[in-house]
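Chemist: After the structure tokens below, expect a handful of questions from me.
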Amino acid sequence: ITILGLESSCDDTAAGVVRLVGNQPEILSSVVEGQTDLHAAFGGVVPEIAARAHAEKIDTCVEQALSDAGVALADLDAVAVTAGPGLIGGVLAGVMCAKAISAAAGLPLIGVNHLAGHALTPRLTDGLSFPYLMLLVSGGHCQFLLVRGVEDFTRLGGTIDDAPGEAFDKTAKLLGLPQPGGPSVEARAAEGKSARFAFPRPLLDRPGVDLSFSGLKTALLRARDGVVAEKGGLTEQDRADLCAGFQAAVVDVLSAKSARALDLYLDEAPAQPAFAVAGGVAANRAIRAALEQVAAERGVRFLAPPLSLCTDNAAMIAWAGIERFRLGLRDDLSLSARPRWPLDRRSAPMLGAGK
Ligand code: ATP
Ligand code: FE
């Protein structure tokens with residue numbers, strides 16, 4: 001099975017080709033065109049600019065992906081595309097392109113949920129079997145997913161406000177450090193003393209696996225203003241200590257909630273227990289090490305796919321397309337773009353209660 005995938009739900013335009021031979025998947029190509037520079041001046045992704053850029057770039061991304069893979073349209077079995085959730089203009093650009101390819105080349109069309117793309121990636125990279133636990137942790141998301149099947153996801157819990165990546169970015173901004181904030185805050189944190197400032201550990205006292213990060217942002221702002229009021233400005237050491245305190249709080253919260261999510265997951269007695277992370281924040285070494293330890297303490301295998309496959313890309317969409325294709329799941333030209341599309345349509349009231 002050979003499938004072309006398209007992704008355009010946020011600020012990356014991407015196309016990729018994945019082939020499955022027997023049980024062995026291979027990424028034949030993965031082209032990602034970022035838009036960071038287009039949005040830099042606005043301090044965030046501007047939906048209209050993103051949509052236009054996707055529409056302009058998607059064709060060349062597809063051509064590049066096909067030529068990198070050394071395949072022609074005639075070699076494909078289907079075209080898969082992110083149909084949501086995301087910025088609607090961008091999603092539409094990808095869906096229209098995929099429909100055009102599907103109609104012109106007579107290929108089946110497969111709509112993929114972007115979050116399912118992230119969540120199924122460990123099966124592409126490591127052949128994980130169901131059920132496994134997934135923590136999706138990025139600039140836009142933070143949620144624990146119990147992945148039981150290609151279409152069977154249970155959201156155990158997640159952030160009730162900001163995503164951690166957003167909090168890292170905001171922290172960098174408040175301290176005058178370069179964007180994206182994650183890497184710059186991580187680098188400063190390594191030089192700092194985390195104990196100097198007291199940051200809260202939001203929601204740790206509450207049951208369940210929900211998280212909150214907006215309070216950390218406020219705490220950072222207060223701590224910064226406290227230092228500025230006292231000394232008239234920030235030294236490099238102040239910045240490093242603030243970063244270290246902030247990061248330590250994120251690490252504590254993520255590991256405590258991961259421990260609870262793992263306990264819920266282990267209640268299902270999975271045969272080969274595994275805990276995978278995805279998303280840009282999974283690049284953080286302190287976070288990774290903490291999560292790995294929480295998993296190891298419970299005898300659970302820990303996986304963090306390579307960063308290029310953890311952040312937005314189209315190989316994961318092509319792979320999700322293959323997963324759906326082999327189950328006989330297809331869409332047609334009536335496929336619509338969905339700005340909102342929760343993975344988990346069922347609620348899971350029993351999960352999280354009392355833990
Ligand atoms: P999504 O894909 O969920 O829509 P996104 O495109 O913002 O959101 P990613 O590209 O997966 O997410 O990740 C980007 C985020 O990851 C940024 O907020 C960035 O600060 C954060 N990040 C990157 N590296 C690190 C790091 N070393 N430590 C912490 N955060 C990091
Ligand atoms: Fe994403």
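The values are calculated or read from the model by the stated rules, or taken from the named source; none is laboratory data. Because the structure is predicted, anything quoted here is derived from the model rather than measured. When we count neighbours, we look across all protein chains shown, and the Cβ atoms used for this are built from the backbone with ideal geometry, even at glycine.
Chemist: Quick check: anything in the stretch 130-150 in contact (Cβ under 8 Å) with a residue 12 or more places away in the chain and over 27 Å from LEU262 (Cα atoms)?
Modeler: no
Chemist: Going by the conditions given, is HIS141 within 14 Å of ligand 2 (Cβ to nearest atom), under 30 Å from LEU291 (Cβ atoms) and crowded, with 24+ Cβ neighbours inside 10 Å?
Modeler: The answer is no for HIS141.
Chemist: In the stretch 26-33, is there at least one residue being surrounded by fewer than 17 Cβ atoms within 10 Å (Cβ to Cβ) and more than 23 Å from THR121 (Cα to Cα)?
Modeler: The answer is no, given that none of the residues of the stretch 26-33 is surrounded by fewer than 17 Cβ atoms within 10 Å (Cβ to Cβ) and more than 23 Å from THR121 (Cα to Cα).
Chemist: Name the residues in the stretch 83-110 that are crowded, with 22+ Cβ neighbours inside 10 Å, under 16 Å from TRP341 (Cα atoms) and away from ligand 2 (no atom under 16 Å from the Cβ), would you?
Modeler: Across the stretch 83-110, the qualifying residues are VAL95, ILE110.
Chemist: Answer yes or no: is there a residue in the stretch 100-115 that is in contact with a Gly (Cβ under 8 Å, 6 or more places away or on another chain), touching a residue at least 12 places away in the same chain (Cβ under 8 Å), among the polar types (S, T, N, Q) and closer than 26 Å to ARG206 by Cβ.
Modeler: No, there is no match, as no residue in the stretch 100-115 is in contact with a Gly (Cβ under 8 Å, 6 or more places away or on another chain), touching a residue at least 12 places away in the same chain (Cβ under 8 Å), among the polar types (S, T, N, Q) and closer than 26 Å to ARG206 by Cβ.
Chemist: Same structure, new question: Taking the residues in the stretch 1-54 that are away from ligand 1 (no atom under 16 Å from the Cβ) and in a helix (DSSP H, G or I) as candidates, determine which candidate is farthest from PRO108 (Cα to Cα).
Modeler: Residue satisfying both the conditions and the ranking: ALA41.
Chemist: Only one of GLY127, GLY226, GLY192 is at pLDDT 95 or above and under 20 Å from the mean Cα position of the chain (by Cα). Can you tell me which?
Modeler: Answer to the check: GLY127.
Chemist: Still on this structure: Can you tell me which residue is farthest from ligand 1 (Cβ to nearest atom) among those in the stretch 261-279 that are surrounded by 22 or more Cβ atoms within 10 Å (Cβ to Cβ) and not hydrophobic (A, V, I, L, M, F, W, C)?
Modeler: TYR265
Chemist: Restricting attention to the stretch 181-196, does a residue exist that is within 16 Å of ligand 2 (Cβ to nearest atom) and either touching a helix residue (DSSP H, G or I) at 6+ places or on another chain (Cβ under 6 Å) or among the hydroxyl-bearing types (Ser, Thr, Tyr) (or both)?
Modeler: Yes, some residue in the stretch 181-196 is within 16 Å of ligand 2 (Cβ to nearest atom) and either touching a helix residue (DSSP H, G or I) at 6+ places or on another chain (Cβ under 6 Å) or among the hydroxyl-bearing types (Ser, Thr, Tyr) (or both).
Chemist: Which residue pairs have Cβ atoms under 8 Å apart, sit 6 or more places apart or on different chains, and have a first residue in the stretch 181-206 that is at positive phi and a second that is more than 9 Å from ligand 1 (Cβ to nearest atom) and of a type in the set (Val, Ile, Thr)?
Modeler: LEU203/ILE160; LEU203/VAL253
Chemist: Only one of (1) of a type outside the set (Gly, Ala, Ser); (2) within 16 Å of ligand 1 (Cβ to nearest atom); (3) under 30 Å from ALA248 (Cβ atoms) is not met by VAL91, so which one is it?
Modeler: Of (1) of a type outside the set (Gly, Ala, Ser); (2) within 16 Å of ligand 1 (Cβ to nearest atom); (3) under 30 Å from ALA248 (Cβ atoms), only one is false for VAL91: (3).
Chemist: So in the stretch 157-170, with the set limited to residues that are touching a Gly at 6+ places or on another chain (Cβ under 6 Å) and of a type outside the set (A, V, I, L, M, F, W, C), which one is farthest from LEU343 (Cα to Cα)?
Modeler: Selected residue: ASP169.
Chemist: Go through the stretch 158-272 and tell me which helices (runs of 4 or more DSSP H), entirely inside it, have 1 or more residues that are in contact with a strand residue (DSSP E or B) (Cβ under 6 Å, 6 or more places away or on another chain).
Modeler: It comes to 164-174, 236-266.
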